[in-house]
Structures are given as structure tokens and as C-alpha cells.
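*Asks:* The structure under discussion is supplied below as C-alpha cells; questions concerning it will follow.
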Amino acid sequence: MAAALLLVCQLAMAKDGQAVSRLLIDSGVDAQMPVFGQLVQGTLAQNPALEDGEQREVLQHIAMESFRGDVIYRHVERAVAEALQPGDMETLQLWYGSPLGQKITEMELQSQQADSLPAMKAAAESLMADRERIAAAARLDDLTGASALAVTLQQRALLANHMAESIAADPEVPVDTAALDAQLQQHREPMQQLLRQQTVLSLAFTYRELPVDRIASYESFLATSAAQRYQQGVKAGLLAGVDAVMESWEAGLREYY
């Protein structure tokens, strides 16, 4: 009987895991896993404290090996499964499987394409002039916490750069973050304002072809308790995954130096 109960529990857990995985794919979250690694790669490429040539190439390689999207994804899966309550999965599946949900996911995935940034810059002036659409984008940011998450990820990327500089100077000494923490605290408000503006513009661009009343329907969904728990689970898992790959980054740096 105990063995049978254990088997039933294992099957139920496997089914729940498959449902969470399907939800992450349907909502487009799975495609966002490489974002942090790309952010770190970008800051490393622009860091004037790092030498051009072999050192920078090696650091880029260590970053590629360390900031693995599959590791972050596993943390997101686990956090979402823990955050959702009974009935949430059905609500979320119904939304993301609907024509509007599918359209929104498609738009979000398209906005992550490499050619979207030049297009957004070109459309920025006209988008900012559309006050109704910008206001809707600002509400979406409030509901998703996208710009707040962007601030946190940017700070983690700066920490990754600081770790590279510190460990290069002395690989045997623990990384001292006091100066970086003070600098981040000093510039936190301007960073928040800048990333808020960029996020709102990005959201307005992403849903630029969606009628405002359909965006309002998306807002209504995001305001539900199920959607809010899902958003919190995704963010908690993402940050837990980032912290995990940051440990791999530090280990890789120490091994190299």
C-alpha cells in the first residue's frame, strides 16, 4: 500500500511538473531564460576595466558556461509550482490558450527579436505621443513589476562585472561589495526612473498593434490572484536561478585566475 501511494504521488508530481512546464512555454516565459546571461555579456563587453583580447574572450566564455538558461529555468519551474494554489493552473491555462492570450504571447516573443530594438527606437517618438497607450503600458508595468525586476537584474549584472574585476586582482580574497553597494544605493533612484521609462516604452511598442480595449482585457487578467501568484513565482524563481548561476560564475572566475 505504501509503495502504491508513493507511486501515485510521484505520478501526480510528474503531471504537475508537466503542467507547469507547458504553462511556462505557453506564456513565453521559457524564452526569457537567456536574458540575464545576455545582460552580463553586454556589460562585460563594455567594461573599460577589462583588457581587450584574450582576457575578455575568456570571461565571455566563462559567462556563457556559467549563466545557463536551463539552470535558471529549473528554479522558475520549482518556484511557480510552489506559488500556485488549487484552481490557478486552470485559470492560467484558459487565458494563455485563448486567442487573445496566444496573440499577446506572440507579440512578446516578437519583441525579443534582435531587430526589435532599432524598430522601437524609430517608433519611440510616436509611441510617447500616444498618451492612452503609454498610460496602459504603465499600468501593465505596475501589474507585472517588469521595471522593478529589470533594476534587480541590472544590479546583479553589475555585481557580476565587479566580481570579475575583484577576482582578477586577487583570486584568493573574498569579493568585497561594500563600495559597489554604496554606489548602487546612490544611483538606485535614477536607475529606477530610467528603467521605468524604458520598460513602459518597450511595453507600448510590444503591444502597439493591439487595440487599447484588448490591452484592458489583459490588465484585467493580470490583476487576478492567479496571475499575480504566477508573476510572483516566475520572479522568485528567476532571481533564485540568477543567484545560483552567479555562484557558478564566481567559481569559474576563481578557477581561471
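The values are calculated or read from the model by the stated rules, or taken from the named source; none is laboratory data. Keep in mind that what you see is a predicted model, and the values were worked out from it rather than measured. Here Cβ is always computed from backbone atoms with ideal geometry, including for glycine, and neighbour counts include all displayed protein chains. Accessible surface is based on the protein model in full, side chains and every heavy atom, while ligands, DNA and RNA are left aside. Shrake-Rupley method; radii C 1.70, N 1.55, O 1.52, S 1.80 Å.
*Asks:* Of all residues in segment 13-24, which are modelled with pLDDT of 95 or more and open to solvent by 70 Å² or more (accessible area, probe 1.4 Å)?
*Replies:* Residue satisfying the conditions is 22 alone.
*Asks:* Is segment 135-146 home to any residue that is under 26 Å from residue 60 (Cβ atoms) and open to solvent by less than 80 Å² (accessible area, probe 1.4 Å)?
*Replies:* No, segment 135-146 contains no residue that is under 26 Å from residue 60 (Cβ atoms) and open to solvent by less than 80 Å² (accessible area, probe 1.4 Å).
*Asks:* Quick check: is even one residue across segment 168-182 at negative phi, touching a residue at least 24 places away in the same chain (Cβ under 8 Å), among the β-branched types (Val, Ile, Thr) and part of a helix (DSSP H, G or I)?
*Replies:* Checking segment 168-182: not a single residue is at negative phi, touching a residue at least 24 places away in the same chain (Cβ under 8 Å), among the β-branched types (Val, Ile, Thr) and part of a helix (DSSP H, G or I).
*Asks:* Further question: Please go through segment 28-57 and give me each residue that is surrounded by fewer than 10 Cβ atoms within 10 Å (Cβ to Cβ), of a type outside the set (Asp, Glu) and in a helix (DSSP H, G or I), ordered by number.
*Replies:* Across segment 28-57, the qualifying residue is only 46.
*Asks:* Of everything in segment 202-257, what is outside any helix (DSSP H, G or I) and in contact (Cβ under 8 Å) with a residue 60 or more places away in the chain? Give them in sequence order.
*Replies:* Matches in segment 202-257: 207, 208, 209, 210, 223, 224, 257.
*Asks:* For residue 227, only one of the following conditions fails: (1) out of contact with any Asp or Glu (no Cβ under 8 Å at 6 or more places or on another chain); (2) among the small types (Gly, Ala, Ser); (3) under 16 Å from residue 249 (Cβ atoms). What is its number?
*Replies:* For residue 227, the exception is condition (3).
*Asks:* Taking the criterion of being of a type in the set (A, V, I, L, M), at pLDDT 95 or above, open to solvent by 40 Å² or more (accessible area, probe 1.4 Å) and over 30 Å from residue 253 (Cα atoms), would at least one residue in segment 60-80 satisfy it?
*Replies:* No, that holds for no residue.
*Asks:* Let me ask something additional. Examine segment 201-216 for a residue that is within 29 Å of residue 162 (Cα to Cα) and either open to solvent by less than 30 Å² (accessible area, probe 1.4 Å) or modelled with pLDDT of 95 or more (or both), and state whether such a residue exists.
*Replies:* Scanning segment 201-216 turns up at least one residue that is within 29 Å of residue 162 (Cα to Cα) and either open to solvent by less than 30 Å² (accessible area, probe 1.4 Å) or modelled with pLDDT of 95 or more (or both).
*Asks:* Run residue 127 past the list (1) open to solvent by 90 Å² or more (accessible area, probe 1.4 Å); (2) over 26 Å from residue 33 (Cβ atoms) and report the number of the one that doesn't hold.
*Replies:* The number of the failed condition is (1).
*Asks:* Ok, one more. How many residues, within segment 154-173, are open to solvent by 20 Å² or more (accessible area, probe 1.4 Å) and among the aliphatic types (A, V, I, L, M)?
*Replies:* The number of residues fulfilling the criteria is 5.
*Asks:* Being farther than 19 Å from residue 107 by Cα, at pLDDT 95 or above and in a helix (DSSP H, G or I): is that true of residue 192 here?
*Replies:* For residue 192, the condition - farther than 19 Å from residue 107 by Cα, at pLDDT 95 or above and in a helix (DSSP H, G or I) - is met.
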